[in-house]
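A quick write-up on the structure given underneath.
The values are calculated or read from the model by the stated rules, or taken from the named source; none is laboratory data. All values derive from a computational prediction rather than experimental measurement. Virtual Cβ from ideal backbone geometry, glycine too; neighbours counted across all protein chains shown.
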């Protein structure tokens, strides 16, 4: 996450700010430029000759993003920001606890959406592309059973995961070193991008070589995992014990860790704790780019873990990245940021596309 400042008074801002605490200016985040702008007295901002206004979900989702004003678009859903448009279902307005949890979840989702956008991954709402689009159902489990998961581009999230006590109880019960809302979003979108990034042919062959057959019986794998647990030596081949359950879960866990690393490096670069080239928007394509990412990440994560320990906290990144996991992560990187294709004159001819045309 990059560093932001108020364009009126120079105060440091966080990504979530909708108000400058120093000069009291109203603020809005502009996704195309990935910048925070000061709004005028009518809460508008003119950016590159266009008028941008607050997302209508400012109150219910604490959304601080801007949406381009277009008086010709009468559908309220189309007036929502790029992140809010992805949400298909939320609690009823009368559900005060559910709506409070919904706002927390949306705040975390916006952080993930920004990272996906910076990495150049497609973010098309399912309302616009019923077959290949993405949608979020953010549901309260207070009165009904909700299972967090992904199915055909729809990500369901139990909003109880936003409650610190509930989440920590589950983390301990499931013997997990890490459990956060951001982590859930990154894991579940990993399932979605498996659909988009892994086609047939060489991509499918490489996936099966690294992760296994994704068509394995998921129900049987789930039962085996919870009946028998992870193999004792899982740490040699997997980034987490949950990744051992099924090839699709191995991909999603590895994908989530790739996003963890890229965003953490981006934040470190913004605050001079990593080289400027470590940002998410930097050109880090192909094997050379991936090697550089890991070369930056390993010493940084070690230092951050030691910093947390000095404050009496658990490690910030309590994971080991064995060679097998790095090979899997390298494959994911190659699909998201592939190496250029070179012509006979040794000049870049074109960039390979990250998304397979299926």
Read through the list (1) over 19 Å from residue 154 (Cα atoms); (2) more than 14 Å from the chain's Cα centre (by Cα); (3) surrounded by 19 or more Cβ atoms within 10 Å (Cβ to Cβ), then give the number of the only condition that residue 248 fails. (1)
Pairs where the first residue, in the range 273-291, is within 17 Å of residue 334 (Cα to Cα) and the second is loosely packed, with under 13 Cβ neighbours inside 10 Å, C-beta under 9 Å, 6+ apart: 282/276; 289/283
From the list 345, 350, which residue is assigned to a loop (DSSP other than H, G, I, E, B) and at pLDDT below 75? 345
Given (1) under 26 Å from residue 123 (Cβ atoms); (2) touching a helix residue (DSSP H, G or I) at 6+ places or on another chain (Cβ under 9 Å); (3) assigned to a helix (DSSP H, G or I), identify the lone condition not met by residue 225. (1)
Limited to the range 26-38, what total is found for residues that are assigned to a loop (DSSP other than H, G, I, E, B), surrounded by fewer than 18 Cβ atoms within 10 Å (Cβ to Cβ) and on the phi < 0 side of the Ramachandran plot? 2
Among the residues of the range 89-102, is there at least one that is without any contact (Cβ under 8 Å) to a residue 40 or more places away in the chain, surrounded by 14 or more Cβ atoms within 10 Å (Cβ to Cβ) and at negative phi? yes
Cβ contacts < 8 Å: first residue touching a residue at least 12 places away in the same chain (Cβ under 8 Å), restricted to the range 48-68; second residue surrounded by fewer than 16 Cβ atoms within 10 Å (Cβ to Cβ) and part of a helix (DSSP H, G or I), any location; separation 6+ or different chain. Result? 56/76
Filtering the range 161-187 for residues that are modelled with pLDDT of 85 or more and in contact with a helix residue (DSSP H, G or I) (Cβ under 7 Å, 6 or more places away or on another chain) leaves a count of 7
With the structure loaded, tell me whether residue 233 is modelled with pLDDT under 95 and out of contact with any helix residue (DSSP H, G or I) (no Cβ under 9 Å at 6 or more places or on another chain) or whether it fails that test. yes
Would you tally the residues in the range 39-55 being part of a loop (DSSP other than H, G, I, E, B) and either touching a strand residue (DSSP E or B) at 6+ places or on another chain (Cβ under 6 Å) or under 18 Å from residue 108 (Cα atoms) (or both)? 3
Might you let me know whether the range 204-213 holds any residue that is surrounded by 14 or more Cβ atoms within 10 Å (Cβ to Cβ), assigned to a helix (DSSP H, G or I), in contact (Cβ under 8 Å) with a residue 12 or more places away in the chain and in contact with a helix residue (DSSP H, G or I) (Cβ under 7 Å, 6 or more places away or on another chain)? yes
